[in-house]
1. Compute the FRET efficiency between Lys256 and Phe405 as 1/(1 + (r/R0)^6), taking r as their Cβ-Cβ distance and R0 = 35 Å, and round to the nearest 0.05.
2. Counting helices only, and only those DSSP H runs with n ≥ 4, report the 222 nm mean residue ellipticity of the chain as the sum of -39,500 (n - 2.57) divided by its residues, in deg cm²/dmol to the nearest 500.
3. Using DSSP to define loop residues, name the chymotrypsin sites (Phe, Trp or Tyr not before Pro) in the range 441-490 whose beta-carbon has at most 14 other beta-carbon atoms within 10 Å.
4. Once you have the Cα-Cα distance between Asp169 and Asp43, take 0.36 nm times their residue separation minus that, and quote the gain in nm to one decimal.
5. Where the eigenvalues come from the Cα gyration tensor of the range 1-86, what are the semi-axes √(5λ) of the equivalent ellipsoid, largest first, in whole Å?
6. How large, in Å, is the range 125-270 by the Kirkwood hydrodynamic radius built from its alpha-carbon pairs?
7. For the range 26-478, count the residues as N, evaluate 2.2 N^0.38 Å, and divide the Cα radius of gyration by that value, please.
8. Dividing the Cα radius of gyration by the Kirkwood radius, what Rg/Rh value follows for the range 364-488?
Amino acid sequence: EDSVPGFPAPTVHTQEAYDPAADFTAKWTRADARQIAAMSDPDAAPRANSLPEEFTMPTVPQDFPDMSNEEVWVWDSWTLTDENADQPSFKGWDVVFSLVADRSLGFDDRHTSARLGYFFRKSDVADRPVDGGWTYGGLVFPDGASGAIFEDQSFSHQTEWSGSTRIFDGNKLRIFYTGVAFYRNADGTDRKPYDPRIVQSEGRIFADENGVWMTGFRDQHDMLQADGTYYQDGAQNPFFNFRDPFTFEDPAHPGKTYMVFEGNTAAVRGERICTEEDLGYAEGDPHAETPDEVMDAGAHFQIANVGLAVADNAALTEWTFLPPILSANCVNDQTERPQIFIKDGKYYLFTITHRGTYAAGIDGPEGVYGFVGSGIRSDFQPVNRGSGLALASPSNLNFPAGTPFAPHVDQHPGQFQAYSHYVMPDGLVQSFIDTIGTSDDFVRGGTLAPTVRVDIDGDSVTVDRTYGVGGLGEWADIPTNYAHSIPASA
Ligand code: FRU
């Protein structure tokens, strides 16, 4: 690959597929991720976007409608999916699952009180209300159900984090999610590390002309806990990441069900594990760094991976860990809500990350990252000039990030406009609104952003600005793309 003057060349990745069980983990290298800085305009003025427009989500206006009539905070969301990650409607209804929290909590306090809630609306309606036309259905699980899996019931907080919902024959649903217990002291410090687990619960969905409801979800199958071998656990690092299961079938391995999830490389926090391969520089690259240099700067505290597991039974309650399919050692600490998207025979791994979780010496925006290969385990090629950046929030990398609750005065007002993007059929991308604005004038979100669309073609992912108005589609638009077939007897 040619390099941008002043920057290293990205690492060469073959896209070659390996057996899903093989001991091969693709690397998102520092040489790759530094292509983001290479495409950022060093002269972009305060509050301007420094990133290429074709990779940037259009700016979301501040006057957004609220999809729950201000009943709950809404963030990470997904619809019903099948084994191909298609999105069926159920008896003429679109159904969405969202992390929700009570509006009496501050928006930034939502994470330790998240519950799975659901919304529904009629499918295939031409003119919807501006807020997306959703009805809030309430919580999915019976009270107390998701807390029951924890042997140590002395938790201070217990919460339900992201996942995905699969629909099976008739009206059977299996929800894959992250069950989390926190053990905190009154002052907020940890009495012992938090305990995130990948859990499945089975229920039933029903609908009539008035709406959608669900039953079941009492039994919770505690399926996977980080093993400390492939996936970092709480003994190795109390701040480990282990969550966000997404299941699918791979046409290349019929009859098997796989799961991708967010993890970290299994090392003790602070261990100097980053190698030349994690850095990924070509021999003699004048802009190369050495592992010692980057670890002396602290980059080895950021060691994200994307995990893979395979189901051992038809009920999808038993799983075996496989080696991670991607690592980001000394690059970034979080590769969240990973998903596999198959198009034109290519396998895209999409994941989201934050500007604030990049390793020392690497910078990049909030947004979607993409990696393309020939199978679910591949020597993945990071999309877009070798960088991995698929869809950025408008950002100015010349100025500090600030935070969603205290945006920086010189940042683009859209830097925290959206997060937790999920790529849907036809390249539609949904996300939730976090903060829109800069330090002197910002509003917090807690509802879904306008849906946008990306064109996915080989190793290029670009924003479709002909979609909606200037690239912004409808608010909170999570459409279905076919009708689930239900036997007449159901
Ligand atoms: C993404 C995320 C997920 C997690 C949830 C917790 O926005 O960090 O990884 O499941 O939010 O609120």
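The values are calculated or read from the model by the stated rules, or taken from the named source; none is laboratory data. Every value quoted in this text rests on a predicted model; they were computed, and no experiment measured them. For neighbour counting, all protein chains shown are included, and Cβ atoms are generated from backbone atoms with ideal geometry for every residue, glycine included. Just so you know, the surface numbers come from the protein's heavy atoms only, side chains and all, with ligands and any DNA or RNA stripped out. Shrake-Rupley method; radii C 1.70, N 1.55, O 1.52, S 1.80 Å.
1. Values: r = 43 Å, r/R0 = 1.24.
With R0 = 35 Å, the Cβ-Cβ based efficiency is 0.20.
2. Working: 4 runs with 24 residues, N = 490.
The helix contribution divided over the chain gives -1000 deg cm²/dmol.
3. none
4. On the way: separation 126, 0.36 × 126 = 45.36 nm, distance 5.59 nm.
Extending this stretch completely gives an extra 39.8 nm.
5. Numbers: eigenvalues 223, 160, 20 Å².
Ellipsoid semi-axes (Å, largest first): 33, 28, 10.
6. On the way: mean 1/r = 0.0572 Å⁻¹.
So the Kirkwood estimate lands at 17.5 Å.
7. Values: Rg = 20.9 Å, N = 453, 2.2 N^0.38 = 22.5 Å.
So the range 26-478 has a normalised radius of gyration of 0.93.
8. On the way: Rg = 16.5 Å, Rh = 15.9 Å.
Answer for the range 364-488: 1.04.
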